[in-house]
Amino acid sequence: AQSVTQPDIHITVSEGASLELRCNYSYGATPYLFWYVQSPGQGLQLLLKYFSGDTLVQGIKGFEAEFKRSQSSFNLRKPSVHWSDAAEYFCACSSGSARQLTFGSGTQLTVLP
Amino acid sequence: GAGVSQSPSNKVTEKGKDVELRCDPISGHTALYWYRQRLGQGLEFLIYFQGNSAPDKSGLPSDRFSAERTGESVSTLTIQRTQQEDSAVYLCASSIGVANTEAFFGQGTRLTVV
C-alpha cells in the first residue's frame, strides 16, 4: 500500500535561516508528488508538484523540492525562511494506478524572530 | 463556483445526533475526497469518489460514517450518532481526476460534538 512519511513532527528555525522538510514515500509505481501548506485557520494550498522531468521543482513563495528516486524522497527546501512561513506542511503523493492522494502526517514549522 | 465550497463552516452538535456535511466541488472536477483532521494531527483519508466508479470507502472509520455523491456534483458526508471523538475539521477536496493533477481544498467544516 502506498504511504508517505514525514519524520519531523515539529521543526523550529530562526527567521532568515535555511529550511529543509523531509518527506519519504513508499510506492510501487512512479509517484506524483506534492507539497501543501496549511496556515492557521486556512485551507490547504499547493506549494509545488513533481510529475516527471527535472527532479528539482520550483514552487510558490520561494520554495523548492528535489525528487530523489534512489532515496524515495521529496524534501522541501527554502534558502531563507520568513516569519510568514510558519505553518503546517504536508507532503502527498499519488500514482497513475492509485489516483487517490495520500498525505503524510505533516510537519509543523515554527519561525523564531 | 471558483473554489471548493463546504458548509457549514462550523457545526456544534450534541452527542448522539446525526450531522450532514456538504461539499460543492469545482465544476468539472470528477474526483472528490473527504479527509478528517483532528486537532494537531495530519489528514486522515475517509473516502474518494472518481466519476461514476465505485467510491473508495476504505478510510471510513466506522459504519456511522457514510458519504454520497451524485455524478460529479455535490457530496454529503453523514455521521450518525455522533461521538465526541468525531470532533475534528472535515476537509473536502476535488481534482480533475487524473493522478498528476493537484487537489483543491475547501476551508473545511469544524465539527464539535458536545
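Closer than 24 Å to A:V37 by Cβ, at pLDDT below 95, in contact with a strand residue (DSSP E or B) (Cβ under 9 Å, 6 or more places away or on another chain) and not hydroxyl-bearing (S, T, Y): is that true of B:G51 in this structure? In short, no. Scanning the range B:67-85 for residues that are touching an Asp or Glu at 6+ places or on another chain (Cβ under 8 Å) and not in a loop (DSSP other than H, G, I, E, B) yields B:S75, B:T76, B:L77, B:T78, B:I79. Out of the range B:1-30, which residues are closer than 17 Å to A:G43 by Cβ, hydrophobic (A, V, I, L, M, F, W, C) and either touching a residue at least 40 places away in the same chain (Cβ under 8 Å) or crowded, with 16+ Cβ neighbours inside 10 Å (or both)? Once the filter is applied, which keeps residues that are closer than 17 Å to A:G43 by Cβ, hydrophobic (A, V, I, L, M, F, W, C) and either touching a residue at least 40 places away in the same chain (Cβ under 8 Å) or crowded, with 16+ Cβ neighbours inside 10 Å (or both), the range B:1-30 yields B:V4, B:L21, B:C23, B:I26.
Here's the yes/no breakdown for (1) farther than 23 Å from A:V37 by Cα; (2) not in a strand (DSSP E or B):
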| residue | (1), (2) |
| --- | --- |
| B:K11 | yes, no |
| B:C23 | no, no |
| B:Y35 | no, no |
| B:L39 | no, yes |
| B:G42 | no, yes |
| B:P61 | yes, yes |
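Residues in the range A:7-24 that are open to solvent by 10 Å² or more (accessible area, probe 1.4 Å) and under 11 Å from the mean Cα position of the chain (by Cα): A:E20, A:R22, A:N24. The single condition among (1) over 30 Å from A:H10 (Cβ atoms); (2) surrounded by 13 or more Cβ atoms within 10 Å (Cβ to Cβ); (3) at pLDDT below 95; (4) of a type in the set (A, V, I, L, M, F, W, C) that B:F45 does not meet is (1). Could you list all residues from the range A:1-27 that are of a type outside the set (V, I, T), away from every other protein chain (no Cβ under 11 Å), touching a Leu at 6+ places or on another chain (Cβ under 9 Å) and assigned to a strand (DSSP E or B)? Matches in the range A:1-27: A:S14, A:L19, A:E20, A:L21, A:Y25. Which ones in the range B:90-114 are facing another protein chain (nearest Cβ under 8 Å), under 18 Å from B:L39 (Cβ atoms) and either among the hydrophobic types (A, V, I, L, M, F, W, C) or surrounded by 21 or more Cβ atoms within 10 Å (Cβ to Cβ) (or both)? Correct list: B:L91, B:F105, B:G108.
Residues in the range A:58-76 that are open to solvent by less than 20 Å² (accessible area, probe 1.4 Å) and hydrophobic (A, V, I, L, M, F, W, C): A:F63, A:A65, A:F67, A:F74, A:L76. Candidates are the residues of the range A:77-113 that are assigned to a strand (DSSP E or B), in contact with a Gly (Cβ under 7 Å, 6 or more places away or on another chain) and open to solvent by 10 Å² or more (accessible area, probe 1.4 Å); the one that is nearest to the other protein chains (Cβ to nearest Cβ) is A:F103. Only residues that are open to solvent by 40 Å² or more (accessible area, probe 1.4 Å), farther than 14 Å from A:N75 by Cα, out of contact with any Gly (no Cβ under 8 Å at 6 or more places or on another chain) and part of a loop (DSSP other than H, G, I, E, B) were counted in the range A:28-55, giving 8.
Considering every residue within the range B:67-89, establish whether at least one is on the phi > 0 side of the Ramachandran plot, without any contact (Cβ under 8 Å) to a residue 24 or more places away in the chain and away from chain A (no Cβ under 11 Å). The answer is yes; a qualifying residue exists.
Scanning the range B:57-76 for residues that are closer than 15 Å to B:S94 by Cβ and either small (G, A, S) or open to solvent by less than 50 Å² (accessible area, probe 1.4 Å) (or both) returns B:A67, B:R69, B:G71, B:S73, B:V74, B:S75, B:T76.
The values are calculated or read from the model by the stated rules, or taken from the named source; none is laboratory data. Computed from a prediction, not measured in an experiment: that's the story for all the values here. All Cβ positions, even for glycine, are placed from backbone atoms using ideal geometry, and neighbour counts span all protein chains on display. The protein model used for the area step is the full one, side chains on, heavy atoms only, and it has no ligands, DNA or RNA in it. Shrake-Rupley method; radii C 1.70, N 1.55, O 1.52, S 1.80 Å.
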